[in-house]
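The values are calculated or read from the model by the stated rules, or taken from the named source; none is laboratory data. This structure is a prediction, so every number in the text was calculated from the model and none was measured. Here the Cβ is made from the backbone with ideal geometry for all residues, glycine too, and neighbour counts use every protein chain on show.
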Amino acid sequence: MNEEKTGADGAGDKLTADARLQRRHRAERRFRGVCIGALGLAGAFLVLFLGSMVVAALPAFTQTEVKVEVDFTNPDQAWRAIDPELNSIVSRGVTRVLPNRLENNPELAGKRFEEWVLAKAEIDQFRKGKGSLDEEVRERVERFEEAGRFRYTFNHWLFTEGDSKLPEMAGLKAAIVGSIYVLALTLAFAFPIGVLSAIYLEEFAPDNRFTQAVEININNLAAVPSILFGLLGLAIMINFFGVPRSSAIAGGLTLGLMTLPIVIISTRAALRAVPHSIREGALAMGATRWQTVRDHVLPMSLPGILTGTIIGLAQAMGETAPLLLIGMVAYIPDVPGSVTDAATVMPAQIYSWASMPQQAFVERTAAAILVLLTVLIALNATAVYLRRRFERRW
Amino acid sequence: MLQGYSAMRRTNICLIPLAFAAAAAAAVTGCTEGGGGNDNGNGSGDGGDAAAERSQIRVVGSSTVYPFSSYVAEEFGATTDYSTPVIESTGSGGGIKIFCEGDGLDTADITNASRRMKPSEFQRCADNGVTGITEIAIGADGITIAQTKDQPALDFSLEQLTLAVAAQVPQNGELVDNPYENWNQIDESLPDREITVYGPPSTSGTRDAFEELVLEAATEDMEGYDEPYSTVRDDGPYVSSGENDNLIVQKIENDREAVGIFGYSFLEENRDAVAAVTIDGVDPTPEAISSGEYPVARSLFFYTKNSHLDRVPGMAEYVELFISERMIGEQGLLRNEGLIPLSAERRETVRERFTQRESLRLEELKD
């Protein structure tokens, strides 16, 4: 009886233990399922976003050209070298520079030739099945179509031209160059100051109220909304130091201020990750603290520092809000020649295009976003590569 | 061997920050040298002086005028040897504020506005030493009410539109919170459709104009309002939809019952999807807007800082190109961009005014 009871009890214990185990396993499966679901959802959003962007952007990479006769036989009438009747088809970007073209190429005078030139964006959109045309223009387009006087080419204007009000001629060149200037300045400003501040705070500074206050403030600054840095840039850089409005240097300094806390925080984290034994070993060998930092701590923490800096730069690259206040979100089609010239950046260009009424700008906006994403992915890939290449484990 | 390896590793690593800093520094010095060249060697290169030698015209102001202004700027840059002016879209008020900051060359040369300068703004300009401003009218802009193309045609009177979007409406002799939810509650003749109006937010110049040209104009002599009323309802039927007019067009394409409020150029660009609602039976055609027959229209302006005309190369030429027949004329290029031309007579007055460099006076703004 006793034995039986214990036996039964034992079995009962086993049973509840089994049941409990199963319950725990079920809970785990549930949890894993939820996690996978979350991941799938995030992935689906990403695919949806990228997919719709690519689909919207693809048409922007081709552009319609039209074959017309250019007639310079009457040099005084160069402005009508292409029959003004075709103004509804040929881009104004082509016709308005005809006199300049003759002036720059005097050998063209008296010549008459056929040439493929840029077509208007409305024609391009119509051929891609979007938008509508006036009756008269549509008939002409159909005639041209039959005569084979249209063709698609790669839209190189997107990369060789600056911003334009004519969608067919609108390009990203000025914005790309502007972005390079601004990023170079941001880097030149934020990297040395950020790394040096972090080294001092981490390696040399005493741990007291003052350094603690500095630390808390830096951490707070990293979380400050970026528009506030724009206000700061406007008040300090432009109004106080007299840096020219809209210039690359105003943008670089403002974004540099914004990136600084990120560089400091990531550098400090990277320095802290270097084991103390390394420092102690160096100090024990008679190295000064500066030698220890220079020869041992800094090289070992470099991958982390670079990763942090590049991520900070990538964030600065995608920023528009602070630039709005210092006048860099504007119509600036010329490639800047110096850091004091007016410049714009890629996200600002995207923002401007998104608010244009013409249909052709919809696909161009998407294309510009793709270009920006590509650059950002390249930057982040560099960060990953540097980390992999130089990472050390202890 | 291990030591040798790590030593090599270390030199490698140490090169990176050097290379980083060097590349950045090279980019920067390269840029600055380029800048010196651009300044024709006159600029001494430091921040303060860089602004004193300027090769680009600087324009700020209204987002409504921005497309026209940048179109002219592009044409100007492409067909002359001057560099393309920089056009910033800051809103009319913001533009005038920047314009009036001072007379120095580090301030804007021209400000665009979708309304006239206010006397207080003129006063601020004068206090900061900005005198000699010429006012130039370039044309008109119509604010259109539109719906999707497949809906039956609609016609609103200003009063009906006001009753649909005002925060308070008169009922039995007193003002009460707007109770209307369907158009046919306002007037039997209107269709049985829910009132949904997508329009610009309160920060927009278009909204200011809408409030002034529709609500204030209608309530001025409507029974029940003691004085012109301009508050738009915020209980749902009026949906503020962001500064971007494209968004409003998209919204009425999706919400087929709704109507949207946006600038004339957006109607013109989207004729295949949306159609205009007539106001008091008038269709917003360029002719009707220009003649003032279409009631929801406003004039567009820009203001030039005349002391800069001699100091900023190309500024006078830019203004002359802008007010030329080729741009703002009856068949001008800006017409395709949605600008409604002024009458021939007024265009002539504007040109005359600029040739004379006629200064704006405070009394002109007060009426």
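The table that follows gives values for the structure above.
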read-out: Flag for A:ALA273 being over 17 Å from A:ALA184 (Cα atoms) and either under 38 Å from the mean Cα position of the chain (by Cα) or more than 14 Å from every other protein chain (Cβ to nearest Cβ) (or both); value: yes
read-out: Selected residue (only one of B:ALA275, B:ALA258, B:ALA316 is among the hydrophobic types (A, V, I, L, M, F, W, C) and without any contact (Cβ under 8 Å) to a residue 12 or more places away in the chain); value: B:ALA316
read-out: Unmet criterion (only one of (1) more than 30 Å from B:ASP150 (Cβ to Cβ); (2) within 14 Å of another protein chain (Cβ to nearest Cβ); (3) in a loop (DSSP other than H, G, I, E, B)) for B:LEU334; value: (3)
read-out: Total residues in region A:124-136, condition out of contact with any strand residue (DSSP E or B) (no Cβ under 6 Å at 6 or more places or on another chain) and modelled with pLDDT of 90 or more; value: 3
read-out: The one condition in (1) in contact (Cβ under 8 Å) with a residue 12 or more places away in the chain; (2) more than 18 Å from B:GLU212 (Cβ to Cβ); (3) among the acidic types (Asp, Glu) that B:GLU159 fails to fulfil; value: (2)
read-out: Some residue of region A:208-228 being in the same structural domain as A:THR344 (by TED's automatic domain parsing), among the hydroxyl-bearing types (Ser, Thr, Tyr) and touching a residue at least 24 places away in the same chain (Cβ under 8 Å); value: yes
read-out: Residues of region B:256-312 satisfying the condition of being within 14 Å of chain A (Cβ to nearest Cβ) and part of a loop (DSSP other than H, G, I, E, B); value: B:ASN270, B:ARG271, B:ASP272, B:ALA273, B:VAL312
read-out: Test for A:GLY286: is it in contact with a Gly (Cβ under 7 Å, 6 or more places away or on another chain), in a loop (DSSP other than H, G, I, E, B) and either surrounded by fewer than 21 Cβ atoms within 10 Å (Cβ to Cβ) or of a type in the set (Ser, Thr, Tyr) (or both); value: no
read-out: Residue list for region A:142-166, filter: more than 14 Å from every other protein chain (Cβ to nearest Cβ) and either of a type in the set (S, T, N, Q) or at positive phi (or both); value: A:GLY148, A:THR153, A:ASN155, A:THR160
read-out: Qualifying residue in region A:197-215 (condition: aliphatic (A, V, I, L, M) and within 14 Å of chain B (Cβ to nearest Cβ)); value: yes
read-out: Tally, over region A:169-215, of residues that are over 30 Å from the mean Cα position of the chain (by Cα) and part of a helix (DSSP H, G or I); value: 11
read-out: Residue in region A:292-347 that is nearest to the chain's Cα centre (by Cα), counting only those that are small (Gly, Ala, Ser), away from every other protein chain (no Cβ under 11 Å) and part of a helix (DSSP H, G or I); value: A:ALA314
read-out: Single condition B:GLU211 does not satisfy, out of (1) surrounded by 17 or more Cβ atoms within 10 Å (Cβ to Cβ); (2) outside any helix (DSSP H, G or I); (3) acidic (Asp, Glu); value: (2)
read-out: Test set (1) within 14 Å of another protein chain (Cβ to nearest Cβ); (2) of a type outside the set (Lys, Arg); (3) within 18 Å of B:ARG326 (Cα to Cα) - A:LEU102 fails condition number; value: (3)
read-out: Failed criterion for A:ILE265 (all others in (1) under 35 Å from the mean Cα position of the chain (by Cα); (2) within 13 Å of another protein chain (Cβ to nearest Cβ); (3) not polar (S, T, N, Q) hold); value: (2)
read-out: From A:VAL70, A:VAL66, A:VAL97, residue being within 13 Å of chain B (Cβ to nearest Cβ) and more than 17 Å from A:LEU158 (Cα to Cα); value: A:VAL97
read-out: In region B:337-367, residue surrounded by the most Cβ atoms within 10 Å (Cβ to Cβ) [restricted to those that are outside any helix (DSSP H, G or I) and without any contact (Cβ under 8 Å) to a residue 24 or more places away in the chain]; value: B:ARG361
read-out: Subset of region A:348-365 that is of a type in the set (Ser, Thr, Tyr) and buried (at least 21 other Cβ atoms within 10 Å of the Cβ) - its residue that is farthest from the other protein chains (Cβ to nearest Cβ); value: A:THR365
read-out: All strands (runs of 3 or more DSSP E) inside region B:45-156 with 2 or more residues being at pLDDT 90 or above, surrounded by 24 or more Cβ atoms within 10 Å (Cβ to Cβ) and out of contact with any Phe, Trp or Tyr (no Cβ under 6 Å at 6 or more places or on another chain); value: B:58-61, B:86-88, B:133-148
